[in-house]
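> This structure is in structure tokens; I'll ask about it shortly.
The values are calculated or read from the model by the stated rules, or taken from the named source; none is laboratory data. Here the structure is a predicted model, which is why all the values come from computation and not from measurement. In this analysis, Cβ positions are derived from the backbone assuming ideal geometry, glycine residues included, and neighbour counts consider all displayed protein chains.
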Amino acid sequence: MRIGIPRETKTLEGRVALVPAAAGDLVRRGHEVWVERGAGVASGFGDAQYEALGVRMAADAGTLYARGQLIVKVKEPIEGDLAHLRSDHLLFCYLHLAAEPALTRRLLEISLTAVAFETVELAGGDLPLLAPMSVIAGRIAVQVGTTLLHQPGGGKGRLLGGVASTGRGKVVVFGAGQAGGAAAALAAAGGANVVVFEMRQERLERMMRLAPNVTALYPYHDVVSRELADADLVVGAVLVTGARAPHVLTREMLRGMEPGSVVADISIDQGGCFETSRPTSWREPTYVEEGVTHFCVTNMPGAVPQTSSQAICAAILPWVDTLASGDWRHNDALVRGINVEAGELVHPALQVMAA
């Protein structure tokens, strides 16, 4: 099969879906791999590295999409990409269609088959292609949130880890999956007092084992409101596979927080889990609501493209190989990942939303 890897066009998105070594492996397996010129440069991978492994280079996006049958990219297609997509394309990337009704309509009109990374689901419910980026996003949320608490950036001037003779800062995390767990672990390692809200008992127990400065609680409304009142940084990492994220932090709760506090919504790709969240980009990553700084960038891992590209490539390569084999319909996890096909909504969560 002819596999096409386009250059990402989302604002300040530097990731590439396949690094040279992975593309070379696919070539050795008999596939014809095309990469748009410059696609890997922001991740530290030059065109010559691809060419040395037998990868073919496309001069521009039009050529790339014309050559490719299986289109593998990182982020959802935007206007420039959509102009090149065809009904016979098989698209494999992050889509997050629950928060993108306009994109959903366009993909239905194109009538292609689109399998979303975030909805490829194993029998036990694990999401193997979402996990690596979730871990990175969790860490970035804490790293950026720590900086936004600095007074020159409009923060309250709190050092999360504290020092002798001062109190530790406080981080509240909603969700104890891959993203929330990574955020909690980094915040705890930095010395902050961390409170994690989660509904599943096994995850609560895992969070309690992270460190002595981590407390894991069930999200009762009154308990959440109490813990938010003196929080310095709040991280949202709540996920319902394929569906919009539920709101776990209301505007009323936000009003109860101290001015100069920070909230980071990792769930923004799925619509956001804070009532006051709205999508931002790395060009303009923050805004202020009710005196609280909001960080809601929809491609957080794109800030570290070299690390992120290596991580996502290692996760998706076996699945790309399966899709390219042409016999992927027997793979239940990939079938569960189909979002749209032949002008119809396929994923159950999207069907429910459209009903």
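> Considering Pro152, Pro128, which residue is without any contact (Cβ under 8 Å) to a residue 40 or more places away in the chain and either assigned by TED's automatic domain parsing to the domain that holds Gly190 or not small (Gly, Ala, Ser) (or both)?
Values: Pro128 fails: without any contact (Cβ under 8 Å) to a residue 40 or more places away in the chain.
Unique residue meeting the criteria: Pro152.
> If you take the residues in the stretch 211-236 that are touching a residue at least 60 places away in the same chain (Cβ under 8 Å) and out of contact with any Cys (no Cβ under 8 Å at 6 or more places or on another chain), which one is nearest to Lys156 (Cα to Cα)? Step through it out loud before you land on a result.
First pass over the stretch 211-236, keeping only residues touching a residue at least 60 places away in the same chain (Cβ under 8 Å): 230-236.
Remaining after also requiring out of contact with any Cys (no Cβ under 8 Å at 6 or more places or on another chain): 230-235.
Numbers: Asp230: 12, Ala231: 11, Asp232: 8, Leu233: 11, Val234: 14, Val235: 17 Å.
So, considering only residues that are touching a residue at least 60 places away in the same chain (Cβ under 8 Å) and out of contact with any Cys (no Cβ under 8 Å at 6 or more places or on another chain), the one nearest to Lys156 (Cα to Cα) is Asp232.
> Look through Met208, Met199 and report the one residue that is free of Cβ contacts under 8 Å to residues at least 24 places away in the same chain and within 21 Å of Gly271 (Cβ to Cβ).
The unique qualifying residue is Met199.
> Return the total of residues in the stretch 316-331 being crowded, with 17+ Cβ neighbours inside 10 Å and either farther than 27 Å from Leu12 by Cβ or out of contact with any Asp or Glu (no Cβ under 9 Å at 6 or more places or on another chain) (or both).
To start, the set of residues in the stretch 316-331 that are crowded, with 17+ Cβ neighbours inside 10 Å comprises 316-317, 319-321, 323-324, 328.
If we keep only those that are either farther than 27 Å from Leu12 by Cβ or out of contact with any Asp or Glu (no Cβ under 9 Å at 6 or more places or on another chain) (or both) too, we end up with 316, 319-321, 323-324, 328.
Number satisfying all stated conditions: 7.
> Another question, if that's okay. Name the residues in the stretch 244-264 that are under 14 Å from the mean Cα position of the chain (by Cα) and either assigned by TED's automatic domain parsing to the domain that holds Leu95 or buried (at least 18 other Cβ atoms within 10 Å of the Cβ) (or both), would you?
Keep residues of the stretch 244-264 that are under 14 Å from the mean Cα position of the chain (by Cα), which gives 244-245, 264.
Answer for the stretch 244-264, where residues must be under 14 Å from the mean Cα position of the chain (by Cα) and either assigned by TED's automatic domain parsing to the domain that holds Leu95 or buried (at least 18 other Cβ atoms within 10 Å of the Cβ) (or both): Ala245, Ala264.
> When you look at Asp269, is it among the acidic types (Asp, Glu) and in contact with a strand residue (DSSP E or B) (Cβ under 6 Å, 6 or more places away or on another chain), yes or no? Walk me through it before giving the result.
Numbers: among the acidic types (Asp, Glu): yes; in contact with a strand residue (DSSP E or B) (Cβ under 6 Å, 6 or more places away or on another chain): no.
Judged against the criteria, Asp269 is not a match.
> Given the condition among the β-branched types (Val, Ile, Thr), under 20 Å from Val320 (Cβ atoms) and touching a residue at least 12 places away in the same chain (Cβ under 8 Å), answer yes or no: does some residue in the stretch 44-60 qualify? Before the answer, list the steps.
If we filter the stretch 44-60 for residues that are among the β-branched types (Val, Ile, Thr), which is where we start, we get 55.
This time we only want the ones that are under 20 Å from Val320 (Cβ atoms), so: 55.
Those still in the list that are touching a residue at least 12 places away in the same chain (Cβ under 8 Å) too: 55.
There is at least one residue in the stretch 44-60 that is among the β-branched types (Val, Ile, Thr), under 20 Å from Val320 (Cβ atoms) and touching a residue at least 12 places away in the same chain (Cβ under 8 Å).
> If the requirement is being over 19 Å from Val238 (Cα atoms) and at pLDDT 95 or above, which of these qualifies: Leu107, Leu127?
It is Leu107.
> Let me ask you something else. Only one of (1) among the hydroxyl-bearing types (Ser, Thr, Tyr); (2) closer than 28 Å to Pro279 by Cα; (3) assigned to a strand (DSSP E or B) fails for Thr215. Which number is that?
Of (1) among the hydroxyl-bearing types (Ser, Thr, Tyr); (2) closer than 28 Å to Pro279 by Cα; (3) assigned to a strand (DSSP E or B), only one is false for Thr215: (2).
> Could you figure out which of (1) of a type in the set (Gly, Ala, Ser); (2) modelled with pLDDT of 95 or more; (3) assigned by TED's automatic domain parsing to the domain that holds Val33; (4) more than 18 Å from Ala39 (Cβ to Cβ) isn't true of Ala311?
Ala311 satisfies all of (1) of a type in the set (Gly, Ala, Ser); (2) modelled with pLDDT of 95 or more; (3) assigned by TED's automatic domain parsing to the domain that holds Val33; (4) more than 18 Å from Ala39 (Cβ to Cβ) except (4).
> Does any residue of the stretch 332-342 turn out to be of a type in the set (S, T, N, Q) and surrounded by fewer than 21 Cβ atoms within 10 Å (Cβ to Cβ)? Can you show your working first?
Start the filter on the stretch 332-342 by keeping residues that are of a type in the set (S, T, N, Q), which leaves 339.
Now drop any that are not surrounded by fewer than 21 Cβ atoms within 10 Å (Cβ to Cβ), which leaves none.
Within the stretch 332-342 (the criterion being of a type in the set (S, T, N, Q) and surrounded by fewer than 21 Cβ atoms within 10 Å (Cβ to Cβ)), the answer is no, since none of the residues qualifies.
> Met353 is checked against (1) over 16 Å from the mean Cα position of the chain (by Cα); (2) crowded, with 20+ Cβ neighbours inside 10 Å and fails just one. What number does that condition carry?
With (1) over 16 Å from the mean Cα position of the chain (by Cα); (2) crowded, with 20+ Cβ neighbours inside 10 Å applied to Met353, the lone miss is (2).
> Here's a follow-up. Within the stretch 265-289, can you find the residues that are among the β-branched types (Val, Ile, Thr), touching a helix residue (DSSP H, G or I) at 6+ places or on another chain (Cβ under 6 Å) and either crowded, with 24+ Cβ neighbours inside 10 Å or closer than 11 Å to Asn299 by Cβ (or both)?
Ile266
> Now a separate question. Filter the stretch 227-246 down to the residues that are over 23 Å from Asn339 (Cα atoms) and not hydrophobic (A, V, I, L, M, F, W, C) and list them by number. Reasoning before the result, please.
Initially, the stretch 227-246 is screened for residues over 23 Å from Asn339 (Cα atoms), giving 227-236.
Selection gives Glu227, Asp230, Asp232, Gly236.
> If we keep just the residues of the stretch 1-47 that are of a type in the set (Lys, Arg) and touching a helix residue (DSSP H, G or I) at 6+ places or on another chain (Cβ under 9 Å), which is surrounded by the most Cβ atoms within 10 Å (Cβ to Cβ)?
Start the filter on the stretch 1-47 by keeping residues that are of a type in the set (Lys, Arg), which leaves 2, 7, 10, 15, 28-29, 37.
Keeping just the survivors that are touching a helix residue (DSSP H, G or I) at 6+ places or on another chain (Cβ under 9 Å) gives 2, 7, 10, 15, 29, 37.
Working: Arg2: 15, Arg7: 22, Lys10: 19, Arg15: 29, Arg29: 11, Arg37: 16.
Of everything passing the filter in the stretch 1-47, Arg15 is surrounded by the most Cβ atoms within 10 Å (Cβ to Cβ).
> Out of all the residues in the stretch 42-56, is one or more under 19 Å from the mean Cα position of the chain (by Cα), outside any strand (DSSP E or B) and of a type in the set (Gly, Ala, Ser)?
Within the stretch 42-56, the subset under 19 Å from the mean Cα position of the chain (by Cα) is 42-43.
Now restrict to residues that are outside any strand (DSSP E or B): 42-43.
Of the ones still in play, those that are also of a type in the set (Gly, Ala, Ser) are 42-43.
Yes: the stretch 42-56 contains one or more residues that are under 19 Å from the mean Cα position of the chain (by Cα), outside any strand (DSSP E or B) and of a type in the set (Gly, Ala, Ser).
> Looking at (1) at pLDDT 95 or above; (2) over 15 Å from the mean Cα position of the chain (by Cα); (3) charged (D, E, K, R), find the lone condition where Lys73 falls short.
(2)
> Tell me the residue from Ile110, Ile140 that is farther than 23 Å from Thr322 by Cα, outside the structural domain of Tyr287 (by TED's automatic domain parsing) and β-branched (Val, Ile, Thr), please.
Going through Ile110, Ile140 in turn, the sole match is Ile110.
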